Every structure is written in structure tokens, then in C-alpha cells.
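Shown next, in C-alpha cells, is the structure this report addresses.
None of the figures in this text is laboratory data; all of them are computed from the coordinates on show. In this text, all values refer to a predicted model and were calculated from it rather than measured experimentally. Note that we place each Cβ from the backbone using ideal geometry, even for glycine, and neighbour counts take in every protein chain shown.
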Amino acid sequence: MKGDRVEIVVDAGGGTKNYEVVATRAGRRVEVSHGRGLVEVVELTRGGTAVRTARFLANRVVALVEHPAADPAWADDEVTPLRRTG
């Protein structure tokens, strides 16, 4: 969803570097996968085609933070308080 964002902090030897992958257009999403010593962050279209890919060595990744896009509130969304029964 447009607005999805993933921040990656990588150890660069003498300090850290920050990277960010953002879903830039409507219908795109950002997915994170890891395995075999790699962390991969991909921006995908609705059809699943990769638009941008960022790959990092897993042992160099200090932090990986996913920020989902904020969903707009619908008019019929209502918060109902929990009630204790019995």
C-alpha cells in the first residue's frame, strides 16, 4: 500500500548507515525476507513484479523497522468497549 516503509540500519565499520525503502505509488507494497545470510527488502507492484530491491548481509543489519501505511478510518468503524459477562 502506498506509504508502506521499511527502515534498515546497517553497520558500516566505523558507524552505521540508514536506508529506507518506500512504496512510492498506489497499489505497491514493501516486503521483507531473510535467509541464507541475506536480508532482502523489495518494493512490489500489485502483480508481484519487483520494482526496487535492496539486499544486505544479515550479520551487518543492526535494525530493521517496518512502518505500515496508516489506514483511513471508515465512518462505520466503531470502537465498542469490552464488557464483562457473568
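Structure notes:
- Stretch gain in nm, segment VAL61-ARG25, where the contour uses 0.36 nm per residue and the Cα spacing is subtracted: 10.3 nm
- The loop-placed trypsin sites (Lys or Arg not before Pro) in the stretch 20-72, going by DSSP, that have at most 14 neighbouring Cβ atoms within 10 Å of their Cβ come out as ARG25, ARG36, ARG46.
- Extended-chain gain in nm, criterion 0.36 nm per residue less alpha-carbon gap, HIS34 and VAL51: 4.3 nm
- Alpha carbon convex hull of the stretch 5-67, volume per residue in cubic angstrom: 72 Å³
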